[in-house]
Amino acid sequence: MELARNSGASAVNAPIFLIGTLDTKGEEIEFIQECLAYFDLRCLVVDVGVLGEPQCPADVVRQEIARLGGSAIEDLVAKGDRGSAIVVMQRGLAAWMRAQAGAPPAGVLAIGGSAGTSLAGAGMRELPIGVPKVLVSTMASGDVRPYVGSSDITMMYSVGDFTGLNRLTRRILRNAAGAVAGMCLAQRQTTIDPKTESDTMLVGVTMFGVTTPYVRQVQQLLAGQGFEFLVFHATGTGGQAMERLMTDGFIQASLDLTTTELADELVGGVLSAGPHRLEEAGKLGIPQIISVGALDMVNFGSPDTVPPKFNGRTFYPHNPAVTLMRTTIEENTELGQLIARKANTAQGPVRILLPLRGVSAIDAEGKPFFDPLADKALFAAIRANLQKHVELIELDLHINDRAFAERTACEFLSTVAEKRSQSNALATQKNCKEIE
């Protein structure tokens, strides 16, 4: 073994979860254990194998994972159906990981082919964001969204398949062990000023290229007022990641200025964040500002990927790999109703801001998606379906106008003040005057 021992890593007290199907990849798992031992890192081996006998010992045995998945390992073996067994083990690993979330590991390292990757990814996604996660997979050179989701999993391509150790797999697995070891050590060595974190509010912000001027102006206007901004590209996983961080307690307020993912979910674009997008902040009572950024568009890949049913619609080539489709009056009516319904259920302070002169950089007079009737349908549906406790602010401005950003910043400060003391509310009024 060429690695030199790194005694500095001994400061990491929690174990590394090492996940694999020990009936097929026991040799590789034992090799990774040896690699991690050179970094003074302790492993806890989790067996998610099914049909064959384990090739090496496990700390968490496959019987336990199967039980949590709702079946006995003996029944899975007797049935001999690998596909259904994988579903059970995936469910079981996710349940086991959820149970560890309160006292998470120092990191997680998993290896797998297509089935093992699906299994390990499901488990890793249950752990909090920030816990180091490395997944070495034969699937890592393709579309990894089904495995990563909105988590912070680092995927490494295995290049070759896992069929025993050789000069290539040893190098790949050694690199993976080094990667997770480095992440774990970095977590311990990073110094954070707890006073700085406690004095600032982490704010989730959604942005698209066509709403970038708006978002950046809002950030600039709120700079130095006790906020830290975490901006998410509204690409489906962006919205999912933001809302997950709300659930995990990271994000404390929301500037959901670019809600375009709702259009992809409704119409069938490629950047949907799922049917529950725009619900988490309201459910948790997090202060939120909602706007309608980029609801004029639905996203597809290259032009040849657009479904034939959309022939005759208005399109705009954002780049060779991204084709935008203009939303219609009917779609905007549904989107407005949807936004109103979700805002109405909010348990915390929420305000909606509407830019009556256009919702994106290409929805303005003379631009390719300029369609006042479609925009009016969106605004009218929100107006008609919104309950009185949700404040609606309508401005005769374009979304990227500075004046719209100024009003957004003021409304955000007022919304946050509803969750703070009355003395802070008075300070907010002063800050709003300074912005204006």
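Laboratory data are not the source of any read-out in this text; all were calculated from the coordinates shown. Because the structure is a prediction, the values reported are computed rather than measured. Glycine also receives a Cβ, built like all others from the backbone with ideal geometry; neighbour counts cover every protein chain displayed.
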| query | Using the count of nearby Cβ atoms within 10 Å as a rough guide to exposure, how do Ser71, Ser151 rank from fewest to most? | reply | Ser71, Ser151
| request: Determine the dipole magnitude for the chain: charges of +1 sit on the beta-carbon of Lys and Arg, -1 on that of Asp and Glu, nothing else is charged, the reference point is the Cα centre, and the result goes in debye to the nearest 20. | output: 260
| remark: The helix 212-222 Cα axis meets the longest alpha-carbon principal axis of the chain at an angle in degrees, between 0 and 90 and rounded to 10, of 90
| query | Against the longest principal axis of the chain, how steep is helix 237-247, in degrees 0 to 90 to the nearest 10, with axes from Cα atoms? | reply | 80
| message | Report, in listed order, any pair from Lys283/Lys376; Lys133/Lys283; Lys283/Lys388; Lys342/Lys367; Lys388/Lys419 with a Cα-Cα distance greater than 24 Å. | response | Lys283/Lys376; Lys133/Lys283; Lys342/Lys367
| remark: segment 204-219 and segment 112-155 have their Cα centres apart by a whole-number Å value of 29
| Percentage relative contact order, the chain, counting C-alpha pairs under 8 Å, at least six apart | 10
| Kirkwood hydrodynamic radius (Cα pairs, Å) of the chain? | 24.0
| Size of electric dipole in segment 5-142: Cβ of Lys, Arg +1 and of Asp, Glu -1, about Cα centre, debye, nearest 20 | 480
| Rounded to the nearest 5, what % of the DSSP beta bridges within the chain are antiparallel ones? | 15
| message | Just to confirm the number: angle between the C-alpha axis of helix 372-385 and the first principal axis of the chain, 0 to 90 degrees, nearest 10? | response | 80
| Once all Cα-Cα distances of segment 194-435 are split into 10 Å bins that start at 0, what whole-number percent is in each one? | 8, 34, 37, 16, 4, 1
| query | What trypsin sites (Lys or Arg not before Pro) in segment 97-141 are in a loop by DSSP, with at most 13 other Cβ atoms within 10 Å of the Cβ? | reply | none
| task | Return the Rg/Rh value of segment 7-189, two decimal places, where both radii are evaluated on C-alpha atoms and Rh is the Kirkwood radius. | result | 0.94
